[in-house]
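Comments concern the structure below.
The values are calculated or read from the model by the stated rules, or taken from the named source; none is laboratory data. Bear in mind that the values here come from a model prediction, so they are computed numbers and not experimental data. When we count neighbours, we look across all protein chains shown, and the Cβ atoms used for this are built from the backbone with ideal geometry, even at glycine. Each accessible area value is taken on the protein alone, full model and side chains, heavy atoms only, with ligands, DNA and RNA left out. Shrake-Rupley method; radii C 1.70, N 1.55, O 1.52, S 1.80 Å.
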Amino acid sequence: MAKTIFITGAGSGLGRGATLGLAQEGHRVIATTELTSQKTDLMREAEDKGLEMEVFKLDVTNPRDQEQIAKYDFDVFVANAAINEGGPLAEVPMDRFRALFEVNVFATLETAQIAAKKLVEKGSGKIIFMSSMAGISATPYVGPYTATKHAVEGIAQTMKSELEGFGVKVATINPGAFETGFNKRSGEEIWKWFDDEKNFTRREDIEKQQEGLKDQFDPEDMIQKMIEIIPAETHKFRTVYPEETEKQLKETQKERWEMKI
């Protein structure tokens, strides 16, 4: 059954791929992008593929832009918009840390609140928070992003309990490390402020952690999983993908109970 799906952050990466894929599957997609240039590019690709979708610019941190969400009727709201930046938590500039929380946590919740009100009025629907494996794990030098996704996990789990009595479902999708450029750009941001003469964190430790970004998964696999899960009537509350990442996270969580300092 075709659904009407509203998705934020559809201008790039997994969000963009899922947006095009969902439209190709026959769903009505309302896609938003942070930048006008992203909107133009997405509309051009949709037209080239013969796909119908509505695309408009929406900065999730802008209250006037947020108001546009309430004008639409939809079955599924996907809170996908996010930014990424790393750095050692003991030294990361607080303005960078706050910037991530503004987008990934505060604006994400604000837009989800608008969606929740509309879906509660309908008595049905679903909100999906695009979380991450970082919402469950804790990797050195990825702390700022990790902290925001841990917050999203708490938000999603709480809203699930609070909204199910109104007929509204809440879930998360937690991708592993996929090669979209999102993670690599995050790593590059560190070097804009990191200074060997001022910071005590060893540069080689950060660089060693970033070496892992050279071996990431094919994003097309994650996109197909999103296309499957987003419109589905029933699925797990938390979808971690790929399966090897789910297994890894479960083992890590078990180890945490035995950690000592």
When a/c is below 1.5 the answer is rounded, else prolate if a/b is larger than b/c, else oblate, so apply that to the range 46-177 with a ≥ b ≥ c taken from the square roots of the Cα gyration tensor eigenvalues.
prolate
On a 0 to 90° scale, report how tilted helix 36-48 is relative to the longest principal axis of the chain, with both axes built from alpha carbons and the result rounded to the nearest 10.
60
Sparse-neighbour loop sites [trypsin sites (Lys or Arg not before Pro); the range 143-252; at most 13 other C-beta within 10 Å; DSSP]
192, 198, 202, 236
With Rg from the Cα atoms and Rh as the Kirkwood inverse mean 1/r over Cα pairs, the range 128-259 has an Rg/Rh of 1.02
Just need log10 I(q)/I(0) for the range 1-41 at q = 0.20, 0.34 Å⁻¹, Debye formula, equal scatterers on the alpha-carbon atoms, no solvent, rounded to two decimals.
-0.53, -1.17
Expressed as a whole percentage, what fraction of the accessible surface of the chain belongs to carbon and sulfur atoms when a 1.4 Å probe is rolled over the protein heavy atoms?
49
Considering only C-alpha atoms, what is the centroid distance from the range 79-144 to the range 171-205, in Å?
17
Do any trypsin sites (Lys or Arg not before Pro) in the range 16-79 lie in a loop, going by DSSP, with at most 14 other beta-carbon atoms within 10 Å of their beta carbon, and if so which?
49
When averaged across all projection directions, what area in nm² does the alpha-carbon convex hull of the range 23-83 cover?
4.5
Among 201, 234, 180: highest mean-square fluctuation, GNM of the chain, C-alpha pairs under 10 Å
234
For the range 209-261, shape from the Cα gyration tensor axes a ≥ b ≥ c, cut at a/c of 1.5 then a/b versus b/c, turns out oblate
Loop-resident sites, the range 157-261, for GluC sites (Glu not before Pro), counting at most 13 other Cβ within 10 Å (DSSP):
197, 233, 258
Rounded, prolate or oblate (a/c below 1.5 giving rounded, otherwise prolate when a/b exceeds b/c) for the range 97-166 by Cα gyration tensor
prolate
Given a cut-off of 17 Å, what percent of all Cα-Cα pairs of the range 135-201 lie beyond it?
58
